[in-house]
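Trainee: To start, I am sharing the structure in question, which I have written as C-alpha cells.
The values are calculated or read from the model by the stated rules, or taken from the named source; none is laboratory data. This is a predicted model, so every value here is computed, not measured. Here the Cβ positions follow ideal geometry from the backbone for every residue, glycine too, while neighbour counts run over all protein chains shown. The area values use the complete protein model at the heavy-atom level, side chains included, leaving out ligands, DNA and RNA. Shrake-Rupley method; radii C 1.70, N 1.55, O 1.52, S 1.80 Å.
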Amino acid sequence: MSVDDGNVDEPGWDVDPDDEQGAAVVATVGRQLKLWREAAGLRAGELGVAIGYGEDLIYKVEGGRRIPRPEYLDKVDEAVGAGGKVSAMKDDVAEVRYPKKVRDLAKLEARAAELCLYHNHNLHGLLQTEDYMRALLTTWRPTLALGDLERAVAARMARQSIFTRDPAPEVSFVQEEVTLRRPVGGRLVLRSQLERLLEVAQLPNVEFQVMPTSRWSHPGTSGLIEVLKFRDGTAVGRSDGAFGGRPVSDPRDLRVLELRYGIIRAQALRPGESLAFMEQVLGET
C-alpha cells in the first residue's frame, strides 16, 4: 500500500495482457467510469479525494490497466451519484478479477458432475481453509506481491462454491497422510484445517479417503491425479506423472488416469477409517 497526498492507492489487480476477454471487460468498465466521473463534473484528482484513493489509481482504472475492487466501485457510485448503476458493474468484473487459468479451472469444476482428486504433497485447493491457503501461497518463489496473494486467495476460495452447488457433484478425494500432518501455517492453522476436512468429508456427496504413508506401492507416487467428468459423457484429466502433466480429454488417455485412480482408492483407507484417522491426527495436533 502506498500513500499519495494522503490518499490510499491500493495495489489492486493488474490486468493480464494475455487475457483478452478480461482486458476487454476491464477496458469497457473503465470507459464507463470515466463517463460517469465527467458527467458529475469531477476531475480525477477530485474523485480520488472524495473516495480516498490516489489520482494515479483513478487513471489506471479508467484506462483499463487496473481491475477495480468491489468497494472501489461502491465508493465511485456514491461520489458521482450513479444510483447503483456503477455498483452494478461489480457483476461484470467479478469473474475477470481472477487469473484466466483459475477461471478456466473454476469453469471446468462448475460443469463437472463427478470429480476424482488425488493429491500427495499438499491439500487440494477445494479443501483448504483461507488461513491455510494464504500460508501455503507465501511459500511460493518468487514471492507474490500482496495484491497478487490476496487475489489468489480470493480465487481459490471462490472455487469452493462447488460444495453448495445444486445439484451437487459427486466428489472423491484421496489425500496422502503427510498432507494431514504438515503444519502449514503453524499448529493452530493446521487444527482449523483438520476440522474443516472433517466437515467436508461428512458431506453426503463427498467421499474422503486417506492414503497411509506406509502404503507406497501404488501409482500415485508419480504425482497428483485429477479427473473431471461431465454430464454429457465427456471428461478431462491431468496427472503430474502422465502425458507431460498436460490436461487430456482423449478417452484412451483418460482410461490410464482412471485406472491409476481406481488402484489408489482401493489401497487407501475406507471413508469411515479415514474419518477416524483424521480425528486421531486432530487429537495429536
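Trainee: Want the number for Gln21 to Thr285: 0.36 nm per residue separation, take away the alpha-carbon distance, what's left?
Mentor: 90.5 nm
Trainee: Work out how much length Glu195 to Arg252 would gain on full extension: take 0.36 nm times their residue separation and subtract the Cα-Cα distance, in nm to one decimal.
Mentor: 16.7 nm
Trainee: Determine the sum of side-chain charges near Gln209: Lys and Arg each +1, Asp and Glu each -1, restricted to other residues whose C-beta is under 12 angstrom from that of Gln209.
Mentor: With Lys, Arg at +1 and Asp, Glu at -1, the net is -1.
Trainee: Taking the Cβ of Ala242 as the center, what net charge do the other residues with Cβ under 13 Å away carry, scoring Lys and Arg +1 and Asp and Glu -1?
Mentor: Computed value for this residue: 0.
Trainee: Taking just the C-alpha trace of the chain, give me its Rg and Dmax in Å.
Mentor: Values for the chain (Cα only, Rg and Dmax): 22.4, 71 Å.
Trainee: Additional query: Return the carbon/sulfur percentage of the accessible area of the chain, one whole number, probe 1.4 Å, all protein chains in place.
Mentor: Whole-percent figure for carbon plus sulfur exposure: 52.
Trainee: Put a dot 7 Å past each Cα toward the Cβ at Thr28 and Ala40; how far apart are the dots in nm?
Mentor: A separation of 2.2 nm, rounded to one decimal place.
Trainee: Next question. Quote to one decimal, in nm, the extra length available between Phe243 and Glu207 on full extension: 0.36 nm per residue of separation minus the C-alpha distance between them.
Mentor: Result for the pair: 10.3 nm of gain on full extension.
Trainee: Quick check on the chain: helices-only [θ] at 222 nm, where DSSP H runs of length 4 and up contribute -39,500 (n - 2.57) each and the sum goes over total residues. Nearest 500, please.
Mentor: The helix-only estimate for the chain comes to -14500 deg cm²/dmol at 222 nm.
Trainee: Go through Lys85/Lys229; Lys60/Lys85; Lys60/Lys107 and tell me which ones have a Cα-Cα distance over 31 Å in this structure.
Mentor: Lys85/Lys229
Trainee: What spacing in nm lies between the two simple spin-label points modelled at Asp166 and Ala94, each 7 Å away from Cα in the Cβ direction?
Mentor: 1.7
Trainee: Taking the Cα centre of each part, how many Å lie between segment 59-133 and segment 217-284?
Mentor: About 28 Å separates the Cα centre of segment 59-133 from the one of segment 217-284.
Trainee: May I pose another question? Quick one: which of 118-131, 157-170 comes out on top by average Cβ neighbours within 10 Å, and what's the full order, highest first?
Mentor: 118-131, 157-170
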